1. If I model a spin label at R201 and L13 as a point 7 Å from the Cα along the Cα→Cβ vector, what separation in nanometres do I get?
2. Under a GNM of the chain (C-alpha, springs under 10 Å), which listed residue has the highest mean-square fluctuation: P105, P197, P146?
3. Based on the Kirkwood radius over alpha-carbon pairs, what is the Stokes-Einstein translational diffusion coefficient of the chain at 20 °C with 1.002 mPa s viscosity, in µm²/s?
4. Search the structure for amide H atoms under 5 Å from the amide H of R53, placed 1.01 Å from N in the peptide plane, and list their residues when 5 or more places away or on another chain.
5. Between Q116 and D151, what is the label-to-label distance in nm when each label sits 7 Å out along the Cα-to-Cβ direction?
6. Any idea what the relative contact order of the chain is, in percent, if you count C-alpha pairs under 8 Å spaced at least 6 apart?
7. In nm², what is the average projected area of the convex hull enclosing the Cα atoms of the range 34-127?
8. Residues with beta-carbon under 14 Å from that of Q12, excluding Q12: net charge, scoring Lys, Arg +1 and Asp, Glu -1?
Amino acid sequence: MNKTLDDAALDQLFRKARTHSEWLDKPVSDETLKQLYDLMKWGPTSANGSPARFVFVRSPEAKERLRPTLAPGNVEKTMTAPVTVIVAYDLLFFHKLPKLFPHAPGMRDLFAGNPQLIEVTAKRNSSLQGAYLIIAARALGLDCGPMSGFDNAKLDEEFFGAGKECEGCEQEFFPSGHVKSNFLCNLGYGDAANLFPRGPRLEFAEACSLL
């Protein structure tokens, strides 16, 4: 039987969590990033397709590759963040469905040859997985700064273009141009000194209907 989380946990995940733009000089370890993925990967996606792909941009060299793609207002917060995650989606995600959804062998063929279905499914579910990443990061004590405000096409060419490789990574980086960026999320330990007052949210009656 599931148990309700206590108020401290709910505060950490939602009520007192903030979007951060300034960061403490405290690194995020590779082990923490692996724990982060191993936690968030359990969130549900359509047909368990898991189309999101994540690039953890950490090194100064990788950050400089990212810099020209950023809107001016997002440069400083991104360059000073310990990690910037490129939340992306793989347009060939359905090739992994025989592994991820083995009880329905025909699911792969449902997507093959249907680019509109592939695109909408990949983008929607990578957005879900990006949200899971934020909640998982908060659960592990990290702060987040999700954002748009970058040139998707320029970023995709730099990080996901044909022939690109991930310098210093353990494996070849998504090299064939079928991975597309969705949004960015800075990760680290936020400096709360200059946080502005939290914005309001809609009340239940303004956003919800009971039918």
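Since every read-out is calculated from the coordinates, none of them should be taken as a lab result. Keep in mind that this is a model prediction, so the values were computed, not measured. Note: ideal-geometry Cβ built from the backbone for every residue, glycine included; neighbour counts use all protein chains shown.
1. 1.2 nm
2. Fluctuation is largest for P197.
3. 115 µm²/s
4. A88, Y89, D90
5. 3.1 nm
6. Numbers: 297 pairs, mean separation 65.3, N = 211.
Relative contact order, the chain: 31 percent.
7. On the way: hull surface 29.7 nm².
Result: a mean projected hull area of 7.4 nm².
8. Working: positive: R15, K16, R18, R138; negative: D6, D7, D11, D143.
Surrounding charge for Q12 is 0.
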